[in-house]
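Below is one structure, written out as structure tokens; comments come after it.
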Amino acid sequence: MPKVIFVALDGSRRTIDGAAGDSVMATAVRNGVPGIVGECGGNRSCATCHVYVDDGFAARVGPPDDLEDDMLDLAVSDRRDTSRLSCQIKLTDDLDGLTVHIPDEQP
Amino acid sequence: MTALIVGASQAGVQLATSLRDHGYTAPIVLVGAEAHAPYQRPPLSKQFLSGAADLASLELRTAGFYAERGIDVIRGERVTHVALSGSGRRGAGIALTDGGRAISFDRLALTVGARPRRLDVPGADLEGVCYLRDIDDAARLRAHLTRAQEVVVVGGGFIGLEAAAVARAAGRTVTVVEAAGRLIPRSVAPMVSEFFRQAHTRRGTGVRLGSGVAAIQGWQGRVSGVRLLDGTLLTADLVVVGVGVVPRTELAEQLGLACDGGIVVDEYARTSEPSIVAAGDCTVLPHPLAGGGRVRLESMPNAIAQARVAAATLAGDPRPYTEVPWFWSDQYDLKLQIAGVAHGYDQIVVRGDPGAERFSVLYYRRGQLQAITAVNWPADYLAVRRALAGGTPLAPDRAAASDTP
């Protein structure tokens with residue numbers, strides 16, 4: 001059960017036991033983490049699950065593919081190097097403790 | 001002040017959640033006819049059907065979430081009767097379920113969805129004729145698909161084409177039969193229909209347009225073929241029917257609510273009895289992009305947006321529906337994204353190259369941008385969706401220029 005830690009804008013942290021194979025977005029939405037909407041259900045169609053991956057995990061999570069890259073470019077108000085759509089990050093045991101920061105707004 | 005929400009799918013769950021977000025502290029009861037915990041439907045014809053996703057991964061919320069938010073979820077019981085009290089608070093009443101339960105409510109929301117339209121031809125009840133609406137349908141179809149060799153898909157709409165793509169990708173022989181002269185005729189321009197016909201054909205899926213079904217043929221109770229109106233027999237051991245849906249308006253009719261191809265609601269999700277709200281596939285709503293008429297938007301984004309509006313209305317903080325309709329469909333490696341309403345347009349602008357399977361079509365009415373369909377081009381889709389949402393004009397000649405982002 002890889003844990004995921006969601007850090008809100010005010011610095012508060014919420015730790016959730018995820019399941020390997022689930023996306024970070026689905027883990028957040030199912031547990032009602034505020035600030036991650038996931039309107040399209042994980043189909044790279046809405047960009048409402050944008051997160052900043054914590055620096056310590058950015059390399060392990062990796063970069064977005066082209067389609068996701070386009071979405072981030074267009075839809076996200078404050079894109080950074082660590083921006084990802086959390087629907088495209090699949091949990092693995094290797095990512096246990098994955099920490100992501102929630103942006104101040106979703107499109 | 002119990003709020004009763006009838007229908008525990010995307011709209012119902014969103015309505016319950018949003019009510020709590022609005023600070024509604026009274027009991028919320030969410031009743032769903034299906035035995036499963038509320039789940040996402042869009043993947044049923046995509047990742048779930050192909051085996052890439054399981055039921056657990058489709059759950060909308062955890063059991064802990066409902067408990068924490070004080071949302072009482074009743075599963076496996078269908079509300080069969082509902083009536084408002086003759087006296088007392090406006091909008092209060094009682095509902096009865098087929099499980100023998102009586103639920104008193106002070107507020108009522110209908111998020112009852114739609115049922116798949118049945119094929120009304122001889123043989124339609126044979127084993128091997130499948131529909132695709134809920135998780136049980138999808139599981140049944142998935143099981144059939146593992147054994148089937150020849151699949152006929154009746155209906156060239158989104159459900160049919162997505163199911164065809166999954167079946168073809170699994171190596172089956174697949175033929176799509178569509179009664180109209182083109183695919184997905186109600187949602188996209190003819191050239192987009194033609195693109196999808198060619199894209200399916202290129203991948204080995206047969207497409208027969210202008211073909212009505214006369215009968216399903218069987219042998220020993222099982223499907224053996226599909227007889228078309230022109231006499232052609234297509235052999236098949238699996239038939240997938242995707243010929244649209246019928247909104248569930250029975251409860252609304254019991255309540256005397258106006259229905260017209262769905263439960264009629266206004267931009268605040270209020271039915272003709274304003275104390276009762278409705279949201280999702282069961283409704284028809286007014287939309288500025290629909291040219292003043294009402295539309296039924298059968299989509300998850302609409303279910304969510306309209307449920308939020310309905311919750312705000314119930315919570316006494318009404319806000320009109322402003323969401324630009326949007327939708328997507330995955331077929332093979334093609335991602336189709338639609339924003340706006342492509343009805344009543346008089347001009348289209350094509351960007352990109354359909355031959356390269358990456359292009360977009362913008363729809364205009366009297367020079368006014370109305371909608372986009374984009375294939376494998378999310379950037380265009382998002383730009384237009386934003387322009388529509390912000391009311392930004394995007395002139396046809398500018399859109400046609402390839403260097404316009």
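The values are calculated or read from the model by the stated rules, or taken from the named source; none is laboratory data. Owing to the predicted nature of the structure, the values given are computational and were not obtained by experimental measurement. Every residue, glycine among them, receives a Cβ derived from its backbone with ideal geometry; neighbour counts consider all protein chains shown. Protein only, heavy atoms only, side chains kept; ligands, DNA and RNA dropped before computing areas. Shrake-Rupley method; radii C 1.70, N 1.55, O 1.52, S 1.80 Å.
Figure legend. Inter-residue proximity from segment A:25-37: first residues free of Cβ contacts under 8 Å to residues at least 60 places away in the same chain, second residues among the hydroxyl-bearing types (Ser, Thr, Tyr) and open to solvent by 10 Å² or more (accessible area, probe 1.4 Å), beta-carbon distance below 7 Å, spacing 6+ or different chains. Indicated pairs: A:Arg30/B:Thr62; A:Asn31/B:Thr62.
In summary, strands (runs of 3 or more DSSP E) completely within segment B:162-230 and bearing 2 or more residues that are of a type in the set (D, E, K, R) occur at B:222-228. Name every residue in segment B:297-344 that is in contact with a Gly (Cβ under 7 Å, 6 or more places away or on another chain) and over 20 Å from B:Ile276 (Cα atoms), in order of residue number. Those that are in contact with a Gly (Cβ under 7 Å, 6 or more places away or on another chain) and over 20 Å from B:Ile276 (Cα atoms): B:Met300, B:Val324, B:Pro325, B:His343, B:Gly344.
Residue by residue, here is whether (1) touching a strand residue (DSSP E or B) at 6+ places or on another chain (Cβ under 7 Å); (2) in the same structural domain as B:Ala164 (by TED's automatic domain parsing); (3) charged (D, E, K, R) holds:
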| residue | (1), (2), (3) |
| --- | --- |
| B:Ser50 | no, no, no |
| B:Asp54 | no, no, yes |
| B:Gly64 | no, no, no |
| B:Val73 | yes, no, no |
| B:Arg78 | yes, no, yes |
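Residue by residue, here is whether (1) within 11 Å of another protein chain (Cβ to nearest Cβ); (2) at negative phi; (3) surrounded by fewer than 20 Cβ atoms within 10 Å (Cβ to Cβ) holds:
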site: A:Gly11; (1), (2), (3): no, no, yes
site: A:Met25; (1), (2), (3): no, yes, no
site: A:Val37; (1), (2), (3): yes, yes, yes
site: A:Cys46; (1), (2), (3): yes, yes, no
site: A:Val53; (1), (2), (3): no, yes, no
site: A:Gly62; (1), (2), (3): no, no, yes
site: A:Met71; (1), (2), (3): yes, yes, no
site: A:Asp78; (1), (2), (3): no, yes, yes
site: A:Gln106; (1), (2), (3): no, yes, yes
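Considering only residues in segment B:29-53 that are assigned to a strand (DSSP E or B) and more than 14 Å from chain A (Cβ to nearest Cβ), the one that is farthest from the chain's Cα centre (by Cα) turns out to be B:Val29. Exactly one residue out of B:Thr373, B:Thr322 is within 14 Å of another protein chain (Cβ to nearest Cβ) and either at pLDDT below 95 or open to solvent by less than 30 Å² (accessible area, probe 1.4 Å) (or both): that is B:Thr373. Of the residues making up segment B:241-283, those that are farther than 21 Å from B:Ala312 by Cβ, among the charged types (D, E, K, R) and buried (at least 20 other Cβ atoms within 10 Å of the Cβ) number 1.
Annotation: of all residues in segment B:54-97 being within 10 Å of chain A (Cβ to nearest Cβ) and charged (D, E, K, R), the one that is nearest to B:His22 (Cα to Cα) is B:Arg69. Put simply, of B:Asp281, B:Asp237 the only residue that is among the acidic types (Asp, Glu) and within 23 Å of B:Thr322 (Cβ to Cβ) is B:Asp281.
Say whether the condition of being open to solvent by less than 10 Å² (accessible area, probe 1.4 Å) and among the polar types (S, T, N, Q) is met by at least one residue in segment B:298-305. Scanning segment B:298-305, I find at least one residue that is open to solvent by less than 10 Å² (accessible area, probe 1.4 Å) and among the polar types (S, T, N, Q), so the answer is yes.
Condition check ((1) in the same structural domain as B:Ala258 (by TED's automatic domain parsing); (2) assigned to a helix (DSSP H, G or I); (3) more than 21 Å from A:Gly42 (Cβ to Cβ)) across all residues:
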site: B:Val284; (1), (2), (3): yes, no, yes
site: B:Pro301; (1), (2), (3): yes, yes, no
site: B:Arg308; (1), (2), (3): yes, yes, no
site: B:Arg319; (1), (2), (3): no, no, yes
site: B:Phe327; (1), (2), (3): no, no, no
site: B:Gly352; (1), (2), (3): no, no, yes
site: B:Phe359; (1), (2), (3): no, no, yes
site: B:Ile372; (1), (2), (3): no, no, yes
site: B:Leu388; (1), (2), (3): no, yes, yes
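Report whether or not B:Gly344 is away from chain A (no Cβ under 14 Å), in contact with a Lys or Arg (Cβ under 9 Å, 6 or more places away or on another chain) and surrounded by fewer than 22 Cβ atoms within 10 Å (Cβ to Cβ). So B:Gly344 fits the description; yes.
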